[in-house]
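Trainee: My questions will all concern the structure given below.
The values are calculated or read from the model by the stated rules, or taken from the named source; none is laboratory data. Worth saying up front: this structure is predicted, and the values here are computed from it rather than measured. Methodologically, a virtual Cβ is constructed for each residue, glycine included, from the backbone with ideal geometry; neighbour enumeration extends over all protein chains shown. Side chains are part of the model used for accessible areas, which takes the heavy atoms of the whole protein and leaves out ligands, DNA and RNA. Shrake-Rupley method; radii C 1.70, N 1.55, O 1.52, S 1.80 Å.
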Amino acid sequence: MDDTIAAIATARGQAALAVVRTSGPEAIAVVDRCFRGADLTDVESHTAHVGFLKDEDGNDVDQVVVTVFRAPNSATGEHVVEVSCHGGTLAPKMVLQSLLDHGARMAEPGEFTERAFLNGKMDLTQAEAVADLIHATSTKAHEASLTHLKGRYSDLLDDLREELLNLCSLVELEIDFSDEDVEFADRGRLEDLLDETETILQDLLDTYPTGEKLKDGVRVVIGGRPNAGKSTLLNALVGHDRAIVSETPGTTRDEIEAEAEIEGVLFRFVDTAGLRDTADEIEAEGVRRATESIEEADVLFYLYDLTVGLDSEEIEFLNDLSGEDATVQPFLIGNKADEARDLPVATLDNLSALKLSALEAREDADALQPLLDRLTDTVAEHLSRAEASPVVMNQRHRQHLQDALDAVRQAREALDRGVSGDMLTLDLRAALQDLGAITGEITNEDVLDQIFSRFCIGK
């Protein structure tokens, strides 16, 4: 990291301001060469200076505010200079080009955050949290990412790793003094620690389904027979005409997806083809996809026409879907209540049932509220975990946590069997390796490239 990098740090588009960031040993000198104002090489850290930035030919590019952060007291641990210029498309590009012409090079995706990690300003979980914050699509996802960025998740893993490392060291010390029959590690304490570690790791792994929903959204599939009102309900849920509504059965032949944030949670609503037997090849493919989509859903809104009722096939389908091993949370919705206000909604075991008029809900949001309340209640219990403790949202973390858990369980079993210390330390070291891989204490270049490629240029 002996070179100086530069990139536009703000998003493209029309705005009042943009920020072009530089980092590296020559960051202050690079900006000073093209800055007409204060002598930046002589100013104090964390100070801002107004002046004009010049291009390679000495022509003024823009009036800017330059903020200087001297190493090691900066975001990356290096000299950092942030140039605030006017927004839009042209001015930031011209400012960046001037910095490149005067000695900086273009930053790779995520390179600023990577340098912060390599210089010890944050660990790998915090660096990944920065990427999660950038890509967060809901309030709850943002809050969970911020928890990771603050280091609560890292602190928990570091404490676990430190305890295991201490005990592993004591067990290995016993091996060195095996001829003297000395026992340094308290076997009772080792048993307790392995039990505690197993519990903590399992608790973290149990949060992954919640983390997935926070990160990617809760997938809500709208299913039912043709003309049950599925497309109308989708339009009501997202507040605009996303799907074509027609009285002709079979209008929807492919999945139509739209997103909405409700109570801070991202929901991905999916309208599907009407479920029925059909000779039409294209519609049949749509029905097949609808069935597959229902099986992959987190929540199913199953609509039926109150004026028609449920047939035996639908009842059998819903009963199978709501069995003990069900992975989908089904809702039974009797639609077209505006045409059948006196008809009760069907009741089936293990199904939350209510009736509504999707047509009225499209015009009056209050008519949709009972359904939204039940929807948010179904995820509230799981999502409340995100407020109380760190939530695993990353597949890489999940795999390392599972591998660490397996190693800890093997160590516990080995301890119960009274195996030798050298065999016990193999499992302890394996667990330490996986915990260290999450926080970045143990890593490799390929992993870093994969992680930091998630970032936008300059982030």
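Trainee: Using only the Cα atoms of the range 257-382, build the gyration tensor, take square roots of its eigenvalues as a ≥ b ≥ c, and label the shape rounded, prolate or oblate: rounded if a/c is under 1.5, else prolate if a/b is larger than b/c, else oblate.
Mentor: In terms of gyration-tensor shape, rounded.
Trainee: Follow-up question, since we're still on this one. Explain nothing, just the number: dipole magnitude of the range 251-318 about its Cα centre with +1 on each Lys and Arg Cβ and -1 on each Asp and Glu Cβ, in debye rounded to the nearest 20.
Mentor: So the magnitude is around 80 debye.
Trainee: Where does the chain land at 222 nm, in deg cm²/dmol rounded to the nearest 500, when only DSSP H runs of n ≥ 4 count, each adding -39500 (n - 2.57), divided by all residues?
Mentor: Per the formula, -15000 deg cm²/dmol.
Trainee: Which order do the peptides 369-380, 426-437, 353-364 take when ranked by the mean count of other beta-carbon atoms within 10 Å per residue, highest first?
Mentor: The peptides rank, most packed first, as 426-437, 353-364, 369-380.
Trainee: Hey, another quick one. Evaluate the distance, in nm, between pseudo-label points positioned 7 Å from the Cα of residue 339 and of residue 372 along their respective Cα→Cβ axes.
Mentor: 2.6
Trainee: A further question on this structure: Which percent of the accessible heavy-atom area of the chain goes to carbon and sulfur, probe 1.4 angstrom?
Mentor: Ligands and nucleic acids excluded, carbon and sulfur give 46 percent.
Trainee: Please work out the ratio of the alpha-carbon Rg of the range 183-238 to 2.2 N^0.38 Å and round it to two decimals.
Mentor: Normalised Cα radius of gyration, the range 183-238: 2.30.
Trainee: Of 392, 337, 208, which is farthest on the positive side of the dipole of the chain, counting Cα position, with +1 on Lys and Arg Cβ, -1 on Asp and Glu Cβ, and the Cα centre as origin?
Mentor: Towards the positive end, the residue furthest out is 337.
Trainee: Over the chain, give the accessible area per residue in Å² for a 1.4 Å probe, as an integer.
Mentor: Value for the chain: 48 Å² per residue.
Trainee: Turning to a different aspect of this structure: Suppose every Lys and Arg Cβ carries +1 and every Asp and Glu Cβ carries -1, with no other charges. What dipole size does the range 70-229 come out with about its Cα centre, to the nearest 20 debye?
Mentor: It works out to roughly 2040 debye.
Trainee: Take each of the peptides 91-103, 58-70, average the number of other beta-carbon atoms within 10 Å over its residues, and list them starting from the highest.
Mentor: Packing proxy ranking, top to bottom: 91-103, 58-70.
Trainee: Here is a further query. Express in whole angstrom the spacing between the alpha-carbon centres of the range 60-92 and the range 264-318.
Mentor: When both Cα centres are located, 53 Å separates them.
Trainee: Whole-Hz ³J(HN,Hα) for each residue in the range 201-209, computed from phi via Karplus 6.51 cos²θ - 1.76 cosθ + 1.60 with θ = phi - 60°, x for glycine and proline: what do you get?
Mentor: Rounded to whole hertz, the list is 5, 5, 4, 5, 4, 5, 7, 4, x.
Trainee: Among all the lysines, which ones have a C-alpha under 19 Å from residue 336's C-alpha, if same-chain residues fewer than 8 places away are not counted?
Mentor: Candidates past the 8-residue exclusion: 230, 355.
Trainee: Work from the charge dipole of the chain (Cβ charges, +1 for Lys and Arg, -1 for Asp and Glu, about the Cα centre) and give the residue of 146, 217, 83 farthest towards its positive end.
Mentor: The residue sitting farthest along the positive end of the dipole is 83.
Trainee: About the Cα centre of the chain, how large is the charge dipole given +1 on each Lys and Arg Cβ and -1 on each Asp and Glu Cβ? Please answer in debye to the nearest 20.
Mentor: 1920
Trainee: For residue 262, enumerate residues with amide H under 5 Å from its amide H, sequence gap 5+ or separate chain, H modeled in the peptide plane.
Mentor: Residues meeting the amide H criterion: 267.
Trainee: Can you tell me which of 125-138, 148-161 comes out highest on packing, and rank the rest after it, using the mean Cβ neighbours within 10 Å?
Mentor: Highest to lowest by the protection proxy: 125-138, 148-161.
Trainee: Looking at this model, which pairs from 93/213; 93/150; 121/215; 54/215 are more than 31 angstrom apart at the alpha-carbon?
Mentor: The pairs that break the limit, which is 31 Å between Cα atoms, are 93/213; 93/150; 54/215.
Trainee: Label-point separation (nm) for residue 59 and residue 450, each offset 7 Å from Cα along Cα-to-Cβ?
Mentor: 4.8
Trainee: Continuing with this model, one more query. Mind running the shape call on the range 21-161? Use the C-alpha gyration tensor, a ≥ b ≥ c as the square roots of the eigenvalues: rounded below 1.5 for a/c, prolate if a/b tops b/c, oblate otherwise.
Mentor: It comes out prolate by the Cα gyration axes.
Trainee: Moving on. Assuming R0 = 60 Å, what is the FRET efficiency of residue 262 and residue 413, from their Cβ-Cβ distance, to the nearest 0.05?
Mentor: Computed FRET efficiency for residue 262 and residue 413: 0.85.
Trainee: Shape verdict for the chain, please, from the Cα gyration tensor: rounded (a/c under 1.5), prolate (a/b greater than b/c) or oblate.
Mentor: oblate
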